[in-house]
Amino acid sequence: MPQLRIRSPSGWGNLMAFWILGLCNNFAYVIMLSSAKDILDMDNKVNSTDPDRCIPDMSKFQCNKISTGAVLLADIIPSLIIKFMAPVLLYMLAYNVRIVFTVFLMVSSFVVVAISTNVALALFGVTLASFGAGLGEVTFLALSSNFNNDVISSWSSGTGGAGVFGALTYAMLTERTLLNLSPKTSLIIMLVVPAIFFLTYWKMLISPSIVHKAVFWKPQSYVVPATVRSRSSSGEHEEDRLIEHSDEEEDEALPLVNEDENLTLLGKVRPLLKFMVPLATVYLGEYFINQGLLELLVFDCSHGFSMSVSSQYRWYQVLYQIGVFVSRSSSNFVLLNRRFLGFVAILQLFNATGILVQTTQRFIPHIIIVFGWIVFEGLLGGAAYVNTFRIVHKEVPVAKREFAMSFVSTSDSFGILLAGFAAIPVHNIICSAYYQFF
């Protein structure tokens, strides 16, 4: 029946919806990382380094007592927990119920961080943002298995756009030479983002009829019926069979995941490691740079465009996110095969090593060179993300795709988690040896 051979009932409308949803989903996560130094400065009332002015020479620079890696851990550990729960537990919960929880967590995170008067409460708000971003990501990556492959590119581009728009918006709102708003006011303004997220899902996205939808005044409908889950996982639904046949013609899906329903969790995960290890390595390298080293990558007035220490950090984040956005948005034009993913991981580790040396030896004469380097770092990270999920979507059979997409999504979080744990001691070692704490 030709009318059933569909994944995206509204074509471009659904592509745009996935882009907006990706943008909104990662917005809070990006804002928390962009505001990391401002969050940590809540407890630093006495500081000879004025955060709003450039430093005349590097002898005046002082380190934060707490690394921005602490904010990274608060922004990633809850997300990782959610991602590990999703393939084995959250899949039972209807998609629209998950979205309500996601919106609630987004709103709560902005409000809690905005009203915080100390680092501890602010970090709690960051964890709420992480729970929301993680829940949203696993939900929409799993939901994408019911749509055409192109929605992966739209979602990835949207998440990359979140980096650019989030980091740029925060930098512009708080920059002394621009809007000069306080971080608290800026965070309250961000509440418009969860509203857009909510409206896009309910008013713009049109899901296939095979997707179970909860009726909110009927709590028993919140859980996806076992019969629906079994049909979805076994591919017995007529639409699923037609979709699978269409995908095999279009994408030449390969049976990388064993079709045996009796496989253990480890048996299901093992074939996915070839995707997960390179992606985790890329994210280890880039987030070790972003949240472990960039706060120490400081230039004085004459070599840093007269930007303050806080301003340099914010614009580093903007440039990194521009690189991510460009590469995540280019997957329809530049495709990487699975073998090239390992090469991208190696390049990212070289980036981390080079920037680590720069924080101690300061061999780069001007900040503009670092700006270009950070854009390149972002390009690698974005390329690894979008191409990994496109390859998984292409090579894993339809019946196993939802599980694969959800589980592979844990690999970037695992790499970020390792980066956060590594960033804290490295920050302390570098500051003790080359700078001073305030």
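Checking every residue in region 292-308 against the condition of being touching a strand residue (DSSP E or B) at 6+ places or on another chain (Cβ under 9 Å), in contact (Cβ under 8 Å) with a residue 12 or more places away in the chain and acidic (Asp, Glu) gives at least one match. Determine whether region 150-157 contains at least one residue that is acidic (Asp, Glu), farther than 30 Å from VAL426 by Cα and touching a residue at least 24 places away in the same chain (Cβ under 8 Å). Yes, because at least one residue in region 150-157 is acidic (Asp, Glu), farther than 30 Å from VAL426 by Cα and touching a residue at least 24 places away in the same chain (Cβ under 8 Å). Report yes if SER130 is free of Cβ contacts under 8 Å to residues at least 60 places away in the same chain and in a helix (DSSP H, G or I), otherwise no. When the stated conditions are applied, SER130 does not pass them. When ILE66, ILE55, ILE82 are checked against the criterion of being in a helix (DSSP H, G or I) and crowded, with 18+ Cβ neighbours inside 10 Å, ILE82 stands alone in meeting it. Within region 369-384, not a single residue is within 27 Å of ARG270 (Cα to Cα), surrounded by fewer than 17 Cβ atoms within 10 Å (Cβ to Cβ) and out of contact with any Phe, Trp or Tyr (no Cβ under 6 Å at 6 or more places or on another chain).
Residues in region 128-175 that are over 14 Å from the mean Cα position of the chain (by Cα) and of a type in the set (Ser, Thr, Tyr) were compared, and the one that is farthest from LYS400 (Cα to Cα) is THR174.
In the condition set (1) in contact with a helix residue (DSSP H, G or I) (Cβ under 9 Å, 6 or more places away or on another chain); (2) in a helix (DSSP H, G or I), ILE369 is compliant with all but (1).
Would a scan of region 384-391 turn up a residue that is over 18 Å from the mean Cα position of the chain (by Cα) and either in contact (Cβ under 8 Å) with a residue 24 or more places away in the chain or closer than 29 Å to VAL298 by Cβ (or both)? There is at least one residue in region 384-391 that is over 18 Å from the mean Cα position of the chain (by Cα) and either in contact (Cβ under 8 Å) with a residue 24 or more places away in the chain or closer than 29 Å to VAL298 by Cβ (or both). Residues of region 325-347 that are surrounded by fewer than 20 Cβ atoms within 10 Å (Cβ to Cβ) and in contact with a Pro (Cβ under 7 Å, 6 or more places away or on another chain): GLY342 alone. For the structure I just gave you, tell me whether ASP75 is in a helix (DSSP H, G or I), at pLDDT 80 or above, over 18 Å from the mean Cα position of the chain (by Cα) and among the acidic types (Asp, Glu). Against the criterion (in a helix (DSSP H, G or I), at pLDDT 80 or above, over 18 Å from the mean Cα position of the chain (by Cα) and among the acidic types (Asp, Glu)), ASP75 does not qualify.
Across region 145-157, a minimum of one residue is classified as within 26 Å of GLU395 (Cα to Cα), of a type outside the set (D, E, K, R) and surrounded by fewer than 19 Cβ atoms within 10 Å (Cβ to Cβ). Considering only residues in region 325-341 that are touching a Ser or Thr at 6+ places or on another chain (Cβ under 8 Å) and assigned to a helix (DSSP H, G or I), the one that is modelled with the highest pLDDT turns out to be LEU341. In region 348-365, is there at least one residue being touching a residue at least 40 places away in the same chain (Cβ under 8 Å), of a type in the set (A, V, I, L, M), part of a helix (DSSP H, G or I) and surrounded by fewer than 17 Cβ atoms within 10 Å (Cβ to Cβ)? Checking region 348-365: at least one residue is touching a residue at least 40 places away in the same chain (Cβ under 8 Å), of a type in the set (A, V, I, L, M), part of a helix (DSSP H, G or I) and surrounded by fewer than 17 Cβ atoms within 10 Å (Cβ to Cβ).
Which residues, counting only those in region 400-430, are surrounded by fewer than 22 Cβ atoms within 10 Å (Cβ to Cβ) and aromatic (Phe, Trp, Tyr)? Of everything in region 400-430, those that are surrounded by fewer than 22 Cβ atoms within 10 Å (Cβ to Cβ) and aromatic (Phe, Trp, Tyr) turn out to be PHE414, PHE421.
Among the residues examined, LEU123 does not qualify as modelled with pLDDT under 95, farther than 21 Å from GLY11 by Cα and surrounded by 24 or more Cβ atoms within 10 Å (Cβ to Cβ).
The values are calculated or read from the model by the stated rules, or taken from the named source; none is laboratory data. From a predicted model like this one, the values you see are computed outputs, not experimental measurements. Cβ sites come from the backbone with ideal geometry, for glycine too, and all protein chains shown count toward neighbours.
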